[in-house]
Amino acid sequence: MPSPIIFYDLPSTLSVNAWSPNTWKTRYALNIKGVAYKTEWVEYPDIEALAKKIGAPPTGAKADGSPSYTLPIINDPNTGKVVSDSFLIAEYLDATYPSGTTLFPPGTKPLMAALEAGVIGAIGSIFPYQLASSCYILNPSSEKYFRATREATYGKKIEEFSPAGAQRDADWAKAKEGLVAVDGWLSKNGGGKFVMGNTVTYADGILGAWLTWIKITNGESSAEWKDFASWHGSRWGTYVSNLQSFATIV
């Protein structure tokens, strides 16, 4: 029997622990694929040292040109492969474990990349709010790192990212309008539960991850999530509920 893949994820102060949209893409992919894995939790300041220790490739470059290391990362003891980046991880899982559910049906990779760009574009107006919400649920060492790096990028305090008021309301209204297009795309899937009808794929890992981020960081009982979930005929709340069987945290 294959050994479990080691999946490195970012923890939080919440009981569910997992919160990051980028790592949720990989968690959904692992659960959809049906391969055995186990989670190891890594705080933000410890990611670079871990990546270098296990030989994980960088996923970008810092402002000074040095390599940047991010999660998700998987370490597969069955093959000795260490893979970074959620899309590359999903590709690896399909190539290495073909007997599981196919994450990328033939010819769909470009469409899934386009889907992600479309979703990010649709909800981008609430990213400042979401970044602040994410900061507030982190453990102390990660909160300090997250706050310092995001404040340096945006040039203002986390508390100033999306203060309550007219601008925040406008940002949420813009996201609702932006998701009209995504709702329209899903309306063409024949009435199925997932992006591609009744066939679950990595497209659901992508869309599900971004929606799950909003649900978890705000709280399932929050006014923000309840409002968001109700948009477009309760499309988004129903969709996340349909993915619940693939949201296992192990």
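Would you confirm, using the coordinates I've provided, whether PRO128 is surrounded by fewer than 19 Cβ atoms within 10 Å (Cβ to Cβ), out of contact with any His (no Cβ under 9 Å at 6 or more places or on another chain) and either of a type outside the set (Gly, Ala, Ser) or not assigned by TED's automatic domain parsing to the domain that holds SER15 (or both)?
no
Residue by residue through region 144-164, note down the ones that are over 19 Å from ASP46 (Cα atoms) and surrounded by 15 or more Cβ atoms within 10 Å (Cβ to Cβ).
Hits for region 144-164 are GLU151, ILE158, PHE161, SER162.
Taking only region 8-34 into account, find how many residues are among the charged types (D, E, K, R) and closer than 20 Å to GLU48 by Cβ.
1
Answer yes if at least one residue in region 201-224 is of a type outside the set (A, V, I, L, M), loosely packed, with under 13 Cβ neighbours inside 10 Å, farther than 21 Å from GLN130 by Cα and out of contact with any Leu (no Cβ under 9 Å at 6 or more places or on another chain), and no otherwise.
No, region 201-224 contains no residue that is of a type outside the set (A, V, I, L, M), loosely packed, with under 13 Cβ neighbours inside 10 Å, farther than 21 Å from GLN130 by Cα and out of contact with any Leu (no Cβ under 9 Å at 6 or more places or on another chain).
Here's a check for you: in region 187-204, which residue that is assigned to a loop (DSSP other than H, G, I, E, B) and within 19 Å of the chain's Cα centre (by Cα) is farthest from LEU111 (Cα to Cα)?
VAL200
So which of ASP85, ASP64, ASP76 ends up being on the phi > 0 side of the Ramachandran plot and out of contact with any His (no Cβ under 9 Å at 6 or more places or on another chain)?
Just a single option satisfies the conditions, and that option is ASP85.
Within region 125-174, which residues are in a helix (DSSP H, G or I), of a type in the set (Gly, Ala, Ser) and farther than 17 Å from ASN218 by Cβ?
The answer is SER141, SER142, ALA148, ALA152, ALA166, ALA170.
Okay, residues lined up against (1) in contact with a Gly (Cβ under 7 Å, 6 or more places away or on another chain); (2) modelled with pLDDT under 95; (3) in the same structural domain as ILE137 (by TED's automatic domain parsing); (4) among the acidic types (Asp, Glu):
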| position | (1), (2), (3), (4) |
| --- | --- |
| PHE161 | no, no, yes, no |
| ASP183 | no, no, yes, yes |
| ALA223 | no, no, yes, no |
| ALA229 | yes, no, yes, no |
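The values are calculated or read from the model by the stated rules, or taken from the named source; none is laboratory data. Quick caveat, the model's predicted, so the values are computed rather than measured. All Cβ positions, even for glycine, are placed from backbone atoms using ideal geometry, and neighbour counts span all protein chains on display.
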